[in-house]
Amino acid sequence: MLNTKKRPAFNTRWTQIVFVLLVSVFMLSAVSAQAAKFKKEYKMQVTVGPKLYWGMGATKFAELVKEKTNGQIIVKPYFGSALLKGAQLKSSQMVAKGVIDCALDSTINISPVIPEANIFHLPFFLNTFEALDKVKFGKAGEAVFKAMEAKRLEPLAWAENGFRQLTNSKVLVKTPEDMKGLRVRVVGNPLFIDTFRQLGADPVNMNWGDAVAGFQQGVVDGQENPMGVLVPIQIYQYHKYATLWNYVVDPLIIYWNQREWKAFPKDIQDAIMAAAKEAGRFETALSRAGLDGETSLNILKNEFNYSIEVPDPIAFLESKGMEVHELTPEELAAFSEATRPVYDKWIKEIGPEVYEKAKADLGR
Ligand code: X2X
């Protein structure tokens, strides 16, 4: 009696223990398989700080990726090119190598690896949002994305820094002659150096991380950046004069290391891609808000339930003591004429096929 009673009890207890052990081992291995499948954190290169629209776009992307992948993928933006010790022009090289997982970066910074991206920086070629969108979403934009794919980068979506404007502490620039001898900080992209040299200015190559200190200390007389950068960094503290000339445009691209991207399961790729498109649209609308009438303000309000107050940029800069001049079509033509040799030279560097595609996108 005792034996028959004990035995089943003994068996049942051991069965339970073994069962619990098996379940634990199974769960642990599932968890570690999951951990092995994805990194704890995906590092994202961002050139500027979190408060600029560009930085806000990176934060939005990270939030959306987390939400859309149910927390499986965590993107961490590293602002101020921290992963590159400030060397912003190395971003695409480092993402291609897989040293950095992904980036939200400017076409200006991508161009050392992707010369096609310089299509946006041919002087006085694209100067309206309408023209820009035709190229971004047309055959030329597609060619830029294809060039990235060929260099082991996976482009996900467009965003935008904006049309770049000139400010300086010396002279209200209205003609190419006004540029003579002006020390202008530019990114070390050779197309920018060429453009400013051609205009008789003295371009100084400086990373963004050093630029604001450079303006403060008067190491340079001037700079060129979009309104969405100039207002938050309070350019009016350093420069008295602004020339609005939309001389080049600066789109941003969200992109990923291709090998890592291809190893993601399809549902994760889809979720990250959707996050990139949404964050790109949000950030583009932020950077255009107040510069394209009601269009971008409405996108922010209706699609993102987000409202911002954006003062008229000219009135705002003037209220801060700046003199602002918007080039007339005649003045623009003089600049376009003066930079023609650079334009012609750089069509060859970019690739005449890409230039022809851009012209076709524009119907020119
Ligand atoms: O360095 C710049 O001027 C900036 C922040 O606009 C870019 O990264 C292109």
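Could you provide, to the nearest whole Å², the per residue accessible area of the range 39-362 with probe 1.4 Å?
Numbers: 13260 Å² over 324 residues.
Per-residue accessible area for the range 39-362 comes out at 41 Å².
Net charge near residue 84, counting Lys/Arg +1 and Asp/Glu -1 over other residues with Cβ under 14 Å of its Cβ? Write out the running numbers ahead of the final one.
On the way: positive: 43, 85, 90, 97; negative: 101, 105, 210.
Local charge sum for residue 84: +1.
Taking only DSSP H segments of four or more residues, each worth -39500 (n - 2.57), what value at 222 nm results for the chain once the sum is divided by all its residues, to the nearest 500 deg cm²/dmol? Mind showing how you got there, number by number?
Numbers: 16 runs with 184 residues, N = 364.
Roughly -15500 deg cm²/dmol at 222 nm, from the helical runs in the chain.
With the full set of protein chains in place, find how many percent of the accessible area of the chain is carbon and sulfur; take the probe as 1.4 Å. Walk me through the numbers on the way to the answer.
On the way: 9510 of 17190 Å².
Solvent-exposed carbon and sulfur of the chain make up 55 percent of the total.
Students often check this: by mean Cβ neighbours within 10 Å, which of 223-233, 82-92, 63-73, 153-163 ranks highest, and how do the rest follow?
Numbers: 223-233: 22.5, 82-92: 19.1, 63-73: 16.2, 153-163: 24.8.
My ranking of the peptides, most packed first, is 153-163, 223-233, 82-92, 63-73.
When the chain is fully extended, how far beyond the present Cα-Cα distance does residue 213 get from residue 169, taking 0.36 nm per residue of separation?
14.4 nm
Residue separation times 0.36 nm, minus the C-alpha to C-alpha distance between residue 319 and residue 38: what's the value?
Working: separation 281, 0.36 × 281 = 101.16 nm, distance 5.05 nm.
Gain on extension, residue 319 to residue 38, equals 96.1 nm.
For residue 312, put the label point 7 Å out on the Cα→Cβ axis and report which residues of the range 113-141 keep their amide N under 20 Å from it.
Counting backbone N atoms under 20 Å from the label point, the list is 129.
Go through 182, 222, 74 and say which Cα lies farthest out towards the positive end of the charge dipole of the chain; charges sit on Cβ, +1 for Lys and Arg, -1 for Asp and Glu.
74
Here is the link list: 136/345; 40/85; 60/262; 43/97; 51/90; 39/146. Which ones come out longer than 20 Å on Cα distance? Show your work: numbers first, answer last.
Working: 136/345 22 Å; 40/85 22 Å; 60/262 23 Å; 43/97 13 Å; 51/90 23 Å; 39/146 27 Å.
Distance filter (> 20 Å) returns 136/345; 40/85; 60/262; 51/90; 39/146.
Starting from the Cα of residue 87, step 7 Å along the direction of its Cβ; do the same at residue 74; then give the gap between the two resulting points in nm.
Placing both labels 7 Å beyond Cα along the Cβ direction yields 2.9 nm.
If you count the DSSP beta bridges with both ends in the chain, what percent of them are antiparallel, to the nearest 5? Let's see the in-between values first.
Details: 22 of 40 bridges.
In the chain, DSSP labels about 55 percent of beta bridges as antiparallel.
Roughly how many debye, to the nearest 20, is the charge dipole of the chain about its Cα centre, given +1 on each Lys and Arg Cβ, -1 on each Asp and Glu Cβ, and no other charges?
Details: 44 positive and 41 negative charges, 513 e Å.
It comes to approximately 2460 debye.
For every other residue with a beta carbon closer than 12 angstrom to the beta carbon of residue 43, add +1 if it is Lys or Arg and -1 if Asp or Glu, then tell me the sum. Each step should come with its number before you reach the end.
Details: positive: 39, 40, 76; negative: 41, 101, 260.
The answer is 0.
How many angstrom lie between the Cα centre of the range 242-268 and the Cα centre of the range 53-129?
Cα centroid of the range 242-268 versus Cα centroid of the range 53-129: 5 Å apart.
The values are calculated or read from the model by the stated rules, or taken from the named source; none is laboratory data. Worth saying up front: this structure is predicted, and the values here are computed from it rather than measured. Quick reminder, even Gly has a Cβ in these numbers, built from the backbone with ideal geometry, and neighbours come from all protein chains shown. Heavy atoms of the whole protein, side chains included, go into the accessibility calculation; ligands, DNA and RNA do not. Shrake-Rupley method; radii C 1.70, N 1.55, O 1.52, S 1.80 Å.
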